[in-house]
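Step one of this worksheet: look at the structure below.
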Amino acid sequence: MGRRSAAIGLGVYGVAAAVILLAPVSYGDIVQAIADVLARLFGLGGFGSGWVEFVANILLFTPLGFLLTVLLYPRWWAVPLAIALSACVELAQIVIPSRQPSLRDVLANSLGALGGALVALLVIGWRARRRRRRERISATV
């Protein structure tokens, strides 16, 4: 993935995430419905709505960690920046009706950003090894 594609992806992600995270809407009913479906279909009664929300926050911030890692140099700045953005979102939710900021959300968001960053580092390393291998092959030909 090129830096330009990552920048465009980050812009699209940013708009979508802002709508989801800052809309004055409570997602409690949706989260509860997902928890009920998991309990009914898979017998995951202990997998309550709190865990559904936790996993959703992880998934929501995984693309941010990935895209920031691709864009930033040094790459390690991606995760602290994502954590700072997560904290800012939670602070902004203080003034939004029907939203409930929490440190648990910051933790889940941080885990998602870290996971995305790790995937990006794996992809970047794989592409670099592949490029070096191609260069060695073309140098011997």
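The values are calculated or read from the model by the stated rules, or taken from the named source; none is laboratory data. Since this is a predicted model, take the numbers as computed values, not measurements. Ideal geometry is used to build each Cβ from the backbone, glycine not excepted, and the neighbour counts take in all protein chains shown. These area figures cover heavy atoms from the full protein model, side chains too; ligands, DNA and RNA do not enter into them. Shrake-Rupley method; radii C 1.70, N 1.55, O 1.52, S 1.80 Å.
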Unit charges at the beta carbon, dipole of the chain: most positive-side option, VAL12, VAL52, PRO97: VAL12
Can you pull a Stokes-Einstein diffusion coefficient for segment 21-107 at 4 °C (1.567 mPa s), Rh from Kirkwood over Cα pairs, as a whole number of µm²/s? 90 µm²/s
For segment 61-141, the fraction of alpha-carbon pairs in successive 10 Å shells from zero, as %: 19, 34, 22, 13, 7, 3, 1
Whole-number D in µm² s⁻¹ for segment 99-141, Kirkwood Cα-pair radius fed into Stokes-Einstein, 37 °C, 0.692 mPa s: 253 µm²/s
Suppose all protein chains stay in the model; what accessible area per residue would a 1.4 Å probe give for segment 27-95, in Å²? 58 Å²
15 Å tail of the calculated P(r), segment 1-59, as % of Cα pairs: 61 percent
Accessible surface of the chain [probe 1.4 Å, protein heavy atoms]: carbon and sulfur percent: 71 percent
Can you give the extra length, in nm with one decimal, that the chain gains between ASP29 and ALA16 once fully stretched, where that is 0.36 nm per residue apart less the Cα-Cα distance? 2.7 nm
